[in-house]
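The values are calculated or read from the model by the stated rules, or taken from the named source; none is laboratory data. Predicted model, so just to flag it, every value in this text is computed and none were measured. Note: ideal-geometry Cβ built from the backbone for every residue, glycine included; neighbour counts use all protein chains shown.
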């Protein structure tokens, strides 16, 4: 069985889109936010922290843990603490290109690992305070890294994406499917 070790409804939706048979099982984990670590390494630590406890409970199943963070000038932008923090993030991202990294901890039956990380680059439109307020009024952002959702009203804030858009949403599905069929 395939187990998604993530509470993210976006990751669940991406797997459902691919008609995969899976279940969601999560164990408590503490997310790291150490700006001194490179993006892929920081996300990989968080993805492993989600996947490993589930794989210990279900060693004969395939477990997928994932973590997505937004990085601007090497600084990680996780989920905003509140709307003021979301405003700050969007203000810093506006008019600039930032990196979105998703690391996947893929633990196969018997403990074999196929971990990977995918990076995409997102360029935001220039936005004023009114644009930011409109976006915050239309999209719930408190559970999203970087305080935005690629899949919701992105036309209001995003000028372009270089790389995998599913990665920006939270799971590089093409790469995951490749690893699962390998």
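Quick notes on this one:
- Index of the failed condition, residue 143 passing every other in (1) more than 25 Å from residue 52 (Cβ to Cβ); (2) under 13 Å from the mean Cα position of the chain (by Cα); (3) outside any helix (DSSP H, G or I): (1)
- Among the residues making up region 60-73, those that are in contact (Cβ under 8 Å) with a residue 12 or more places away in the chain and either surrounded by 16 or more Cβ atoms within 10 Å (Cβ to Cβ) or in contact with a strand residue (DSSP E or B) (Cβ under 9 Å, 6 or more places away or on another chain) (or both) are 61, 62, 63, 64, 65, 66, 67, 68, 69, 70, 71, 72.
- Filter pass, residue 55 being in contact with a strand residue (DSSP E or B) (Cβ under 7 Å, 6 or more places away or on another chain), free of Cβ contacts under 8 Å to residues at least 60 places away in the same chain and crowded, with 23+ Cβ neighbours inside 10 Å: yes
- For the residues 104, 122, the requirement of being in contact with a strand residue (DSSP E or B) (Cβ under 6 Å, 6 or more places away or on another chain), more than 12 Å from residue 68 (Cα to Cα) and crowded, with 20+ Cβ neighbours inside 10 Å singles out 122.
- Scanning region 88-100 for residues that are within 26 Å of residue 180 (Cβ to Cβ) and either at pLDDT below 95 or outside any strand (DSSP E or B) (or both) yields no hits at all.
- Of all residues in region 24-46, those that are free of Cβ contacts under 8 Å to residues at least 60 places away in the same chain have Cβ atoms under 6 Å from Cβ atoms of residues that are exposed (fewer than 14 other Cβ atoms within 10 Å of the Cβ) and not in a loop (DSSP other than H, G, I, E, B), 6 or more apart or on another chain, in 35/75.
- Residues in region 108-125 that are over 18 Å from residue 77 (Cβ atoms) and either without any contact (Cβ under 8 Å) to a residue 40 or more places away in the chain or outside any loop (DSSP other than H, G, I, E, B) (or both): 109, 110, 111, 112, 113, 116.
- Selection status of residue 12, surrounded by 14 or more Cβ atoms within 10 Å (Cβ to Cβ) and within 18 Å of residue 175 (Cβ to Cβ): yes
- Test: residue in region 134-155 that is over 16 Å from residue 12 (Cα atoms), surrounded by fewer than 16 Cβ atoms within 10 Å (Cβ to Cβ), at pLDDT below 95 and in contact with a helix residue (DSSP H, G or I) (Cβ under 6 Å, 6 or more places away or on another chain): yes
- Hits in region 50-59 - residues which are over 15 Å from residue 4 (Cβ atoms) and assigned to a helix (DSSP H, G or I): 56
Each row is one residue, and each column tells you yes or no for (1) surrounded by 15 or more Cβ atoms within 10 Å (Cβ to Cβ); (2) under 30 Å from residue 133 (Cβ atoms).
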| site | (1), (2) |
| --- | --- |
| 81 | no, yes |
| 89 | yes, yes |
| 100 | yes, yes |
| 114 | yes, no |
